[in-house]
Amino acid sequence: MLTVHHLGKSQSERIVWLCEELAIPYELKLYERDRVTLLAPPEYKALHPTQAAPVIFDGDLVLAESGAIMEYIIAKYGDGRLTLNSSHRDFAQFLYWFHFANGTLQASMGRSMILGRLKLAADDPVMVAAKGRLDRGFDLVEARTGKAPYFAGEEFTSADIMMGFSLTTMRYFLPYDLAPFPNLRAYLQRIGSRPAYRRAMEKGDPGMTLLLA
């Protein structure tokens, strides 16, 4: 059976959500972060050389990287669901936002989180550049969610699952005010009302307040 190793408040929530959307059988193993360092515990780090979430086991396969895991599960168990093929009119948008999630937005948020811990001056050139890149990312998200109900277009896809973590749970680590982004806030209400999302979050991070606004 597919086993999802979920580290609390981490990108592995994407994998739990995906499995719930696809309604496929899987075993969920939960791990808590260290309360002081907020890092993964030793038993999670031992799962894969990257020592980071997410990680899945599928038979003899051990796989990390949320994007790779998403594509693997969809290809093997998805039966064509939550993805778009090259003949679909929204294929390019689907690809773009699926990869924008970790290639641009999550990377920018992680960089800003680390720089914030260095206590640099607000006008430090590195800080200014990082903030500008992050703000442009959120501006792009606001524009897209004003044009279409989901990131690929009219259809909910795995691109939305990829984007969801950065727009919600990641803000526990890097607070970001969504007040100026009404389209994004409306989008978060749409995805937050999905039964599979609710099930995934309750199973993976029970009791955690969902940052849907």
Inset, instruction - Determine which member of the set Ala159, Ala130 is part of a helix (DSSP H, G or I) and under 15 Å from the mean Cα position of the chain (by Cα). - result: Ala159
Inset, instruction - Within region 11-39, work out how many residues are assigned to a loop (DSSP other than H, G, I, E, B), crowded, with 23+ Cβ neighbours inside 10 Å and in contact with a Phe, Trp or Tyr (Cβ under 8 Å, 6 or more places away or on another chain). - result: 1
Inset, instruction - Go through region 48-93 and give me each residue that's charged (D, E, K, R), under 17 Å from the mean Cα position of the chain (by Cα) and either open to solvent by less than 90 Å² (accessible area, probe 1.4 Å) or within 24 Å of Gly153 (Cβ to Cβ) (or both). - result: Glu71
Legend entry - The one condition in (1) surrounded by 12 or more Cβ atoms within 10 Å (Cβ to Cβ); (2) within 22 Å of Leu210 (Cα to Cα) that Pro180 fails to fulfil: (1)
Legend entry - Single residue of region 50-65 satisfying the filter (small (Gly, Ala, Ser) and closer than 18 Å to Gly8 by Cβ) that is modelled with the lowest pLDDT: Ala52
Legend entry - Meets criteria (assigned to a helix (DSSP H, G or I), open to solvent by less than 40 Å² (accessible area, probe 1.4 Å) and either over 29 Å from Tyr150 (Cβ atoms) or without any contact (Cβ under 8 Å) to a residue 60 or more places away in the chain (or both)) for Ser108: yes
Legend entry - Cβ-Cβ under 9 Å pairs, at least 6 apart or on other chains, region 171-188 side under 17 Å from Ala130 (Cβ atoms), far side modelled with pLDDT under 95 and outside any helix (DSSP H, G or I): Phe173/Leu38
Legend entry - Gly103 vs. criteria open to solvent by less than 60 Å² (accessible area, probe 1.4 Å), closer than 21 Å to Asp177 by Cβ, out of contact with any strand residue (DSSP E or B) (no Cβ under 9 Å at 6 or more places or on another chain) and not basic (Lys, Arg): no
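The values are calculated or read from the model by the stated rules, or taken from the named source; none is laboratory data. For clarity, every value in this text was computed on a predicted model and none was experimentally measured. Neighbour counts are summed over all protein chains in view; Cβ atoms, including those assigned to glycine, are modelled from backbone coordinates with ideal geometry. Surface areas here come from the heavy atoms of the whole protein model, side chains and all, with no ligands, DNA or RNA. Shrake-Rupley method; radii C 1.70, N 1.55, O 1.52, S 1.80 Å.
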